[in-house]
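> Structure incoming, see below.
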Amino acid sequence: MSDPATVAPPKIVESVGVVLANDAYAGGQYILRLQAPEIAARAVPGSFVHLRCAPELPLRRPLSIMLRDQTKGWIDILYKVVGRGTAALAERQVGQQLPLLGPIGNGFSPAPRGSRPVLIGGGVGMPPMLLLASELRREPHFRPVLFLGSEVPFPFAPKPSEFMLDGLPPGVLATMPLLDDWGIPARLASGQGFAGCFDGLVTDLARAWLAQLDETARQSVHLYACGPTPMLRAVAELARGFDLPCQVSLEEHMACAIGGCAGCVVQVATPTGPAMKRVCVDGPVFDASTVF
Amino acid sequence: MGSEGLELKIEFCGLGFNSPLVLLSGCVGFGNEYTRVEGFSHRDVGAVCLKGTTLEPRLGNPPHRIAETEGGMLNAIGLQNPGVDHVVSEILPGLDFSETRFIANVSGSTVEEYQEVTRRFDDSPIDAMELNISCPNVKEGGVAFGNDPEMSARVVEACRGVTRKPLITKLSPNQTDIAENARRCIEAGSDALAVINTLMGMAVDIESRQPVIGNNQGGLSGPAIKPVALLKVHQVYQVAKRHGIPIIGQGGVTSAEDALEFLIAGASAVGLGTGLFYDPLAPARINLGIMEYLQRHQLGTLAELTGSLRLHQ
Ligand SMILES: Cc1cc2nc3c(=O)[nH]c(=O)nc-3n(C[C@H](O)[C@H](O)[C@H](O)COP(=O)(O)OP(=O)(O)OC[C@H]3O[C@@H](n4cnc5c(N)ncnc54)[C@H](O)[C@@H]3O)c2cc1C
Ligand SMILES: Cc1cc2nc3c(=O)[nH]c(=O)nc-3n(C[C@H](O)[C@H](O)[C@H](O)COP(=O)(O)O)c2cc1C
Ligand code: FES
């Protein structure tokens with residue numbers, strides 16, 4: 001959160017990750033598994049790494065941590081090829097080494113006990129939502145719900161969910177198998193007509209579910225979101241409409257990712273007026289009502 | 001440090017530096033940011049220059065503020081800072097002056113503003129002040145002070161009048177005769193020179209046909225500017241050595257070899273800015289490389305290297 005008092009971030013480690021896998025999925029997506037034990041151990045939901053994709057590129061690239069195994073010491077990153085850096089990353093082979101800094105950033109503030117976390121992820125904004133879900137499932141009283149959206153095929157094979165969610169159009173049953181394994185109800189959305197998915201925006205899917213909750217149940221909801229800016233704006237609207245707390249994870253171009261250059265700022269409303277906050281170390285997670 | 005009795009300590013304008021490396025303004029925030037990185041220590045550097053500071057707080061420019069370019073990057077941060085009073089009362093007390101020297105970076109839109117910021121830093125524990133004269137002069141058509149020797153000298157003279165702490169003038173490469181500017185700044189009372197600040201540049205997004213950077217233009221830094229910076233250091237050194245004025249050479253340093261090039265060209269200390277973004281632990285690595293070079297060439301002190309360039313006749 002933007003309030004540094006909430007979660008003190010761990011120290012950032014300068015290390016070299018070894019590529020354990022770099023698997024291609026439809027739509028130019030890749031899942032990169034890196035052996036990086038210190039970073040795996042310290043990551044919190046919302047943390048990202050700053051990765052040197054290729055030696056000839058001056059700047060590193062910020063990428064979120066999607067999953068981690070603290071025992072085996074790896075982290076997973078889901079990325080989409082959009083330019084030179086991510087294209088170079090897609091060329092990396094198993095066994096190669098990649099310099100990286102991490103974990104970086106303030107994670108999501110923990111929701112109060114008894115609240116209902118609703119996680120909304122769009123495209124390559126899904127990763128922080130998955131890491132958050134993997135942590136929340138350790139505390140069964142939370143009962144999180146996920147809504148994931150993508151305009152390219154999902155980087156996993158969707159299957160019908162074992163868990164009921166009310167208020168959705170008939171046939172909206174597809175989920176991510178891993179979330180079913182974790183016992184977390186989830187649904188998928190896309191405008192591409194993928195089988196079992198909600199036909200439309202992920203925020204409309206979330207709205208349909210939130211709308212059918214009774215007032216008391218809805219007031220316990222905490223929204224968390226990561227994805228493209230228009231989606232985050234729509235989530236912020238949703239939060240405002242239902243009067244719900246909402247945390248969003250933002251993106252901006254970065255040079256240092258250490259807090260030194262002030263290159264990565266967003267304008268945030270504060271009690272004393274507008275302020276420029278650094279996405280890398282003041283974020284990447286912010287209270288949605290202060291940015292949108 | 002200190003392998004086999006050799007050490008990298010130098011004296012710069014009467015200040016003891018642990019090493020000739022100086023962390024550059026705008027790359028390390030207000031001093032403590034890099035301590036977030038495990039293994040990073042201010043003891044590995046001679047000095048740390050704080051972000052450009054103005055009289056009043058500034059929000060800075062809209063995003064995007066940075067863009068990667070071939071061999072470097074453009075930045076247009078727009079001097080985001082909380083204003084000199086906040087820096088003096090809230091930030092300086094949090095810095096550990098036993099670890100390294102801290103240098104303020106004085107910025108402004110008028111000569112009077114530079115002078116007032118200098119005056120307020122003079123009354124603070126800061127070790128030295130660097131005059132960032134690359135800012136636009138709002139009273140005289142927005143031309144950067146640093147691109148005009150007359151305006152540069154006026155800034156230096158005004159600030160010299162209000163402090164006895166070391167004054168370092170940071171010269172702009174975006175001008176015709178940097179050596180002449182250096183001469184004027186020295187005569188106006190500058191104790192040292194920083195050479196060079198960023199080169200102005202632009203990057204274009206060919207799909208939107210807009211500049212990538214919110215401010216349209218920005219300062220180019222990183223390895224792409226190193227050859228320009230080396231020549232400027234060499235040119236300024238010809239003037240500065242006659243007055244015994246030391247230079248902090250900078251622009252694109254990422255390795256010990258780069259740092260050595262600057263020392264040989266005429267620098268007494270070497271700045272590291274964008275290179276930290278490549279490798280936040282670069283200072284310790286560069287110190288080690290410099291030390292190995294000194295040993296290999298059987299040099300007792302760094303000063304023997306400064307300006308030791310052997311020009312082709
Ligand atoms: C905190 C954070 C977490 C992120 N997590 C993920 C993730 O999990 N998966 C994923 O696919 N992407 C993620 N991104 C976006 C990712 O960083 C960019 O897609 C990537 O930097 C693009 O680099 P490129 O060289 O391929 O593209 P280019 O467009 O060629 O990049 C040019 C420059 O712009 C910067 N840039 C371009 N787009 C972005 C962007 N959206 N955000 C930040 N910098 C950008 C690049 O870093 C580079 O410096 C994240 C961004 C941030 C800030
Ligand atoms: C992001 C960024 C911000 C900067 N801000 C300042 C500043 O506030 N004041 C200043 O005098 N120089 C500033 N500079 C210039 C650097 O201090 C340095 O002179 C220049 O970048 C060249 O060195 P380098 O190639 O090692 O980065 C900035 C540079 C960068 C990259
Ligand atoms: S990227 Fe440098 S402060 Fe965030």
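> If you go through the range A:245-292 one residue at a time, how many are surrounded by fewer than 24 Cβ atoms within 10 Å (Cβ to Cβ), more than 10 Å from every other protein chain (Cβ to nearest Cβ) and either within 14 Å of ligand 2 (Cβ to nearest atom) or part of a strand (DSSP E or B) (or both)?
Final tally of qualifying residues: 5.
> Give all pairs with beta carbons closer than 8 Å in which a residue from the range B:110-126 that is within 18 Å of B:LYS139 (Cβ to Cβ) and open to solvent by 20 Å² or more (accessible area, probe 1.4 Å) meets a residue that is part of a helix (DSSP H, G or I) and among the small types (Gly, Ala, Ser); count only pairs at least 6 apart in sequence or on separate chains.
So the pair list comes out as B:VAL111/B:ALA158; B:GLU112/B:ALA158; B:GLN115/B:ALA158.
> Which pairs turn up if I take residues in the range B:274-288 that are within 12 Å of chain A (Cβ to nearest Cβ) and outside any helix (DSSP H, G or I) and look for partners that are open to solvent by 30 Å² or more (accessible area, probe 1.4 Å) and of a type in the set (S, T, N, Q) with beta carbon separation below 8 Å, at least 6 apart in sequence or on another chain?
Every condition considered, the pairs that remain are B:ASP279/B:THR254.
> Considering only residues that are among the hydroxyl-bearing types (Ser, Thr, Tyr) and open to solvent by less than 10 Å² (accessible area, probe 1.4 Å), look in the range B:32-82 and name the one that is farthest from B:LEU131 (Cα to Cα).
Ranking the candidates gives B:TYR34 first.
> Further question on the same structure: State which residue pairs qualify: first residue within 14 Å of chain B (Cβ to nearest Cβ) and inside the range A:62-81, second residue within 16 Å of ligand 3 (Cβ to nearest atom) and in a loop (DSSP other than H, G, I, E, B) in any location, beta carbons under 7 Å apart, and separation of 6 or more residues or different chains.
Listed by first residue and then by second, the contacts come to A:PRO62/A:MET254; A:PRO62/A:ALA257.
> Another question, then. State whether one or more residues within the range A:68-88 are within 21 Å of B:GLU70 (Cβ to Cβ) and polar (S, T, N, Q). Spell out the reasoning first.
Quick first cut of the range A:68-88, residues within 21 Å of B:GLU70 (Cβ to Cβ) only: A:81-88.
Subsequent filtering for residues that are polar (S, T, N, Q) retains A:86.
Yes: the range A:68-88 contains one or more residues that are within 21 Å of B:GLU70 (Cβ to Cβ) and polar (S, T, N, Q).
> Tell me which residues, restricted to the range B:81-104, are free of Cβ contacts under 8 Å to residues at least 60 places away in the same chain and part of a strand (DSSP E or B).
Of everything in the range B:81-104, those that are free of Cβ contacts under 8 Å to residues at least 60 places away in the same chain and part of a strand (DSSP E or B) turn out to be B:ASN81, B:ALA104.
> Answer yes if at least one residue in the range B:52-69 is assigned to a strand (DSSP E or B), farther than 20 Å from B:THR254 by Cα and within 14 Å of ligand 3 (Cβ to nearest atom), and no otherwise.
Taking the range B:52-69 first, the residues assigned to a strand (DSSP E or B) are B:52-53, B:58, B:66-69.
With the extra rule that they be farther than 20 Å from B:THR254 by Cα, the set shrinks to B:52-53, B:58.
Then drop every residue that is not within 14 Å of ligand 3 (Cβ to nearest atom), which leaves none.
No, the range B:52-69 has no match at all.
> Another question, if that's okay. Within the group A:LEU57, A:LEU89, which residue is more than 22 Å from A:THR175 (Cβ to Cβ), out of contact with any strand residue (DSSP E or B) (no Cβ under 6 Å at 6 or more places or on another chain), touching a residue at least 12 places away in the same chain (Cβ under 8 Å) and part of a helix (DSSP H, G or I)? Give the steps one after another, and end with the answer.
Details: A:LEU57 fails: part of a helix (DSSP H, G or I).
Answer to the check: A:LEU89.
> Another one. Among the residues of the range A:209-230, what is the count of those that are open to solvent by 20 Å² or more (accessible area, probe 1.4 Å), hydrophobic (A, V, I, L, M, F, W, C) and in contact with a strand residue (DSSP E or B) (Cβ under 8 Å, 6 or more places away or on another chain)? Show your work before the answer.
Our first condition is that a residue be open to solvent by 20 Å² or more (accessible area, probe 1.4 Å); within the range A:209-230, this holds for A:211-220, A:222, A:228-230.
Pick out the ones that are also hydrophobic (A, V, I, L, M, F, W, C) and you get A:211, A:213, A:217.
Adding the requirement that they be in contact with a strand residue (DSSP E or B) (Cβ under 8 Å, 6 or more places away or on another chain) leaves A:213, A:217.
Qualifying residue count for the region: 2.
> Further question: Pick out the one residue from B:ALA269, B:ALA303, B:ALA259, B:ALA284 that is closer than 30 Å to B:ARG36 by Cα, open to solvent by 40 Å² or more (accessible area, probe 1.4 Å) and small (Gly, Ala, Ser).
Testing whether each residue is closer than 30 Å to B:ARG36 by Cα, open to solvent by 40 Å² or more (accessible area, probe 1.4 Å) and small (Gly, Ala, Ser) leaves just B:ALA284.
> Could you please find all residues in the range A:144-185 being crowded, with 17+ Cβ neighbours inside 10 Å and more than 23 Å from A:ASP199 (Cβ to Cβ)?
A:PRO144, A:TRP182
> Something else: Could you say whether any residue in the range B:37-50 is more than 9 Å from chain A (Cβ to nearest Cβ), hydroxyl-bearing (Ser, Thr, Tyr) and within 27 Å of A:ILE39 (Cα to Cα)?
Looking through the range B:37-50, at least one residue is more than 9 Å from chain A (Cβ to nearest Cβ), hydroxyl-bearing (Ser, Thr, Tyr) and within 27 Å of A:ILE39 (Cα to Cα).
> Shifting gears a bit: Take the residues of the range B:192-204 that are of a type outside the set (Gly, Ala, Ser), at pLDDT 95 or above and more than 14 Å from the chain's Cα centre (by Cα): which is nearest to A:ALA255 (Cα to Cα)?
The selected residue is B:MET202.
> Please verify whether the range B:89-103 includes one or more residues that are out of contact with any strand residue (DSSP E or B) (no Cβ under 6 Å at 6 or more places or on another chain) and within 24 Å of B:SER221 (Cα to Cα).
no
> Name the residue, out of A:PRO103, A:PRO110, A:PRO58, A:PRO128, that is closer than 27 Å to A:ALA186 by Cβ, more than 8 Å from ligand 1 (Cβ to nearest atom) and open to solvent by less than 10 Å² (accessible area, probe 1.4 Å).
From the options A:PRO103, A:PRO110, A:PRO58, A:PRO128, the qualifying one is A:PRO103.
> Next question. Being touching a residue at least 24 places away in the same chain (Cβ under 8 Å) and either assigned by TED's automatic domain parsing to the domain that holds A:VAL221 or not hydroxyl-bearing (Ser, Thr, Tyr) (or both) is the requirement here; does A:GLY102 meet it?
The answer is yes for A:GLY102.
The values are calculated or read from the model by the stated rules, or taken from the named source; none is laboratory data. Note that the structure is a prediction, hence the values are computed from the model and not measured. All Cβ positions, glycine included, derive from the backbone under ideal geometry; neighbour counts span all protein chains shown. Heads up: the accessible areas ignore ligands, DNA and RNA and are worked out on the full protein's heavy atoms, side chains in. Shrake-Rupley method; radii C 1.70, N 1.55, O 1.52, S 1.80 Å.
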